[in-house]
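Colleague: Can you read through this structure? Questions will come right after.
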Amino acid sequence: MEYITLNNGLEMPIVGTGTNTYGKENNDYNAALTNEIPELLSALELGYRSIDAAIMYRNEELVGRVLAESTVPREELFITTKVPANEEYISSKEATRAAIDNSLQNFQTDYLDLLLIHFPIEDKGQLKNTWEVFEEYYEAGKLKAIGVSNFKKEHLEELNEFAKVKPAVNQIQLNLKEPNKDLLSVLKEEGITPVAWGPMKAEAQQKEVLDEIGESYKKFGAQVLLKYQIQRGVIVIPKSHNPENQASNLDLFDFELSAEDMKKIENL
């Protein structure tokens, strides 16, 4: 596994696994699936160590229990979760503290590696209060890094007006259908690491080109797309329930895309 060093010095795996459908069937719970969460167990066995979760996924406790019962030591895991931008969690500092404390309990740990605000908070007072609680837990060592998700340039500028701790990451949709080039430039200038959710989305014609490029590297087009993201400094969070696909999404470190192929993909 390769790592990216965030702006506070913390190392984060460059590939992680999403968990929003883990332990679920048709986006709802199924008792038969929640005993072990086989898709998470296979990811851990294959070598995934970055686990991307969220309160909104409604499965923190299940994911946390599987992680706690696994043979992977806590210090090898990189656990990310997200606080929703709705009243229940951001109406007051007490509400935000309660949300963080509950997540810590769900993951059976005394610290989280990364905590994000899941979506922009439109009320500036609530944004300030929420971020100050994030900073409070960060200073106390209960959060190793703090960041945001789905923030645009204007949201980052608003946060920057009062933030004492700069966001370490901004997790955004980033793929060939949503390239977000301008925002990527802003993040690079600010020293904020981009994390891509939905990193593998592409149109049929784009996939054909990726497959063609992949042939020369003996890789699948999906692997080429993930490698493209990684080579430009983007952390990727693919998600799969299939162990073969999980393994494929992690098999990215034995080849390097040429500058010509990088440009070809960028032009897509």
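Colleague: Condition first: of a type in the set (F, W, Y) and over 17 Å from L41 (Cα atoms). Now tell me which residues in segment 52-99 satisfy that.
Modeller: Within segment 52-99, Y57, Y89 qualify.
Colleague: Listed residues K152, K128, K164, K124; which is basic (K, R) and touching a Pro at 6+ places or on another chain (Cβ under 9 Å)?
Modeller: K152
Colleague: Is it true that K128 is within 24 Å of N160 (Cβ to Cβ), open to solvent by less than 20 Å² (accessible area, probe 1.4 Å), among the basic types (K, R) and at pLDDT 95 or above?
Modeller: no
Colleague: Among the numbered criteria (1) surrounded by 15 or more Cβ atoms within 10 Å (Cβ to Cβ); (2) over 17 Å from the mean Cα position of the chain (by Cα), which one does K227 miss?
Modeller: Exception for K227: condition (2).
Colleague: Do you know which residues across segment 141-183 are at positive phi and in contact (Cβ under 8 Å) with a residue 40 or more places away in the chain?
Modeller: none
Colleague: For segment 155-172, what are the residues that are surrounded by 21 or more Cβ atoms within 10 Å (Cβ to Cβ) and among the β-branched types (V, I, T)?
Modeller: Within segment 155-172, V169, I172 meet the criteria.
Colleague: What number of residues within segment 154-197 are within 18 Å of E11 (Cβ to Cβ) and basic (K, R)?
Modeller: 1
A quick yes/no check of all residues on (1) within 19 Å of the chain's Cα centre (by Cα); (2) within 30 Å of N267 (Cα to Cα):
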| residue | (1), (2) |
| --- | --- |
| S149 | yes, yes |
| K152 | yes, yes |
| L156 | yes, yes |
| E161 | no, no |
| Q173 | yes, yes |
| D182 | no, yes |
| K188 | yes, yes |
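Colleague: For segment 1-118, which fully contained strands (runs of 3 or more DSSP E) count at least 1 residues that are within 21 Å of P194 (Cα to Cα) and open to solvent by less than 10 Å² (accessible area, probe 1.4 Å)?
Modeller: So the answer is 11-13, 16-18, 50-52, 78-83, 114-117.
Colleague: Does segment 249-260 hold any residues that are open to solvent by 20 Å² or more (accessible area, probe 1.4 Å) and assigned to a helix (DSSP H, G or I), and which are they?
Modeller: Scanning segment 249-260 gives L250, A259, E260.
Colleague: Could you list, in sequence order, the residues of segment 232-246 that are surrounded by fewer than 16 Cβ atoms within 10 Å (Cβ to Cβ) and under 18 Å from E2 (Cα atoms)?
Modeller: Within segment 232-246, R232, G233 meet the criteria.
The values are calculated or read from the model by the stated rules, or taken from the named source; none is laboratory data. As the structure is a prediction and not an experimental result, all values here were calculated from the model. Methodologically, a virtual Cβ is constructed for each residue, glycine included, from the backbone with ideal geometry; neighbour enumeration extends over all protein chains shown. Surface areas here come from the heavy atoms of the whole protein model, side chains and all, with no ligands, DNA or RNA. Shrake-Rupley method; radii C 1.70, N 1.55, O 1.52, S 1.80 Å.
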